[in-house]
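**Q** Mind looking over this structure? Questions follow.
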Amino acid sequence: YSVRESDIISILSFNILADCYCPPEFFPYADKQILLHSYRAPLIVKQIGELDADIVCLQEVDHYEDYFQGRLKALGYRSIYEPKSSRREGLLVAWKESRFKMTESFVRCFDRGHEYDQYFEFQKGYKALFVRLRDKTNGLDYVIINLHLFWDPLFEHVKFHQIFLILDLLKRKYRSDERIILCGDFNSTPDSNTVRIIENKPLSTFQTSYATGQQIIKEIYKKYMSSLPVLDYFLNAYAEYPESNKKEQPGVVKYPDFSNYTKDFKGLIDHIFYNKLT
């Protein structure tokens, strides 16, 4: 079907690396100057301005009140911020004020409200920020979910449970004809079960360092299969990546090599998903 140009929206998701995580000893291979907030923050804002997305989702944001809120406003964005419960950084969603109006927002904390509260490994202080935006040009609503999942690759059962809570909430709260965008730092590669469950792909062996992890995973997946329908409506934005859908391999998604690049890790862990109506 055809899409009017006026109905097209652009979205940026960006983990900007919080200033509180930038002491020189964390990055001994990097010049100390480039780790400073006074150096990095203006470059981040400059890049956001150059990309000029309609909606911006940032993770690991600190200095919100004293820096980013005002700079984003100068670029024409209104924004909402939610800090982690156990850290000095958090999630930010911003939107072009000339085009969108926020009609709803709330936070889902991954630590509370489930049967695994008693397990220490599930208490990480991570959250997801939900924002409903109404497009002033056509009246369409978009549900934007900005999230940051737990980082440790040996705790895949924790990340899997965190995304299960999101999918469960989507089923219970939103209609099937809602326009939904799910994005952020998933700390999960494309072949992980955390991403597979979103894309409705068969699961593989979980990576977990806890003896209870495999049993918990089985319980979560059983609950998922019994309580949620097949979520086949989420598409991966990387399907639009220039290397995807080539003539010789139609329908095959070619992922970028990385979204995170450090001395010890290079990989794709940041994603944008959307449903078919978006």
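**Q** Can you give the extra length, in nm with one decimal, that the chain gains between residue 75 and residue 103 once fully stretched, where that is 0.36 nm per residue apart less the Cα-Cα distance?
**A** Difference between extended and current length: 8.0 nm.
**Q** Can you give the FRET efficiency to the nearest 0.05 for residue 65 and residue 137, using r as the Cβ-Cβ distance and R₀ = 22 Å?
**A** So the FRET efficiency works out to roughly 0.10.
**Q** Let me ask another. Mind giving me the nanometre distance, one decimal, between the label points for residue 152 and residue 175, set 7 Å out from Cα along Cα→Cβ?
**A** Taking the simple label geometry, residue 152 and residue 175 are separated by 4.3 nm.
**Q** Which order, highest average first, do 71-78, 259-266 follow once you tally other Cβ atoms within 10 Å for each residue and take the mean per peptide?
**A** Descending packing order for the listed peptides: 71-78, 259-266.
**Q** Measure up 46/96; 201/254; 84/173; 201/276 against 19 Å on the Cα-Cα distance and list the ones that go over.
**A** Over 19 Å apart, Cα to Cα: 84/173.
**Q** Go through the stretch 76-83 residue by residue and turn each phi into a ³J(HN,Hα) via Karplus (6.51, -1.76, 1.60, θ = phi - 60°); whole Hz please, and just put x for glycine and proline.
**A** Per-residue couplings from phi come out as x, 9, 9, 8, 9, 10, 9, x Hz.
**Q** Starting from the Cα of residue 37, step 7 Å toward the Cβ, then list every residue of the stretch 86-103 with an amide N under 19 Å from that point.
**A** Flagged as within label range: 86-93.
**Q** How large is Rg over Rh for the stretch 60-101, taking Rg from the Cα atoms and Rh as the Kirkwood inverse mean of 1/r across Cα pairs?
**A** Over the Cα atoms of the stretch 60-101, Rg/Rh equals 1.01.
**Q** On a 1.4 Å probe surface of the protein chains, which of 64, 241, 21, 29 comes out largest in accessible area, and what is the full order?
**A** 29, 241, 21, 64
The values are calculated or read from the model by the stated rules, or taken from the named source; none is laboratory data. In this text, all values refer to a predicted model and were calculated from it rather than measured experimentally. Ideal geometry is used to build each Cβ from the backbone, glycine not excepted, and the neighbour counts take in all protein chains shown. Please note that ligands, DNA and RNA were not included when accessible areas were found on the heavy atoms of the full protein model with its side chains. Shrake-Rupley method; radii C 1.70, N 1.55, O 1.52, S 1.80 Å.
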